[in-house]
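One structure is given here, and the rest of the page talks about it.
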Amino acid sequence: MTAADGLGGRLQRLSREIEAHLGGLGRGASRVSYRFREFRIAPDEEPDAEDVMFAAQCAVCGECGRPGTDPSGARQWIVRHLSAHPEHYSYRELVSRPYRAVPGAWR
């Protein structure tokens, strides 16, 4: 037995194992085709979409206000937090806006 025979035997054995594992999937299939679809990403404005939520976070201590649908609530939280912590001057607005993938043309 040559090294090539040993390798050939192993390849045949591996081929049989793969075929047994797949259970003959793909037998008789002469052609497979795939289609791709374009999508665009857009804000979700469907009636069942989640609300856009706003909150504020103190950039000094990391504390966050309660999220709400009104952006003025985030600004009011900043004023209250600043009153309680007069040395905290930096804040960030956190916005959670739902998006969706909108199906487009098939290619």
Express in % the proportion of alpha carbon pairs of the chain at distances exceeding 21 Å. 68 percent
Give me a comma-separated list of calculated 3J(HN,Hα) values for the range 60-65, in order, Karplus coefficients 6.51, -1.76, 1.60 applied at θ = phi - 60°, integers in Hz, x for any Gly or Pro. 8, 10, x, 5, 10, x
Once you put a point 7 Å from the Cα of Leu94 and another 7 Å from the Cα of Arg80, both along the Cβ direction, what distance in nm separates them? 1.5 nm
Among chymotrypsin sites (Phe, Trp or Tyr not before Pro) in the range 39-107, those in a DSSP loop whose Cβ has at most 16 other Cβ atoms within 10 Å are Tyr89
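A short reminder: the numbers here are calculations on the coordinates, not readings from a lab. The structure presented is a predicted model; accordingly, all values stated were derived computationally and were not measured. All Cβ positions, glycine included, derive from the backbone under ideal geometry; neighbour counts span all protein chains shown.
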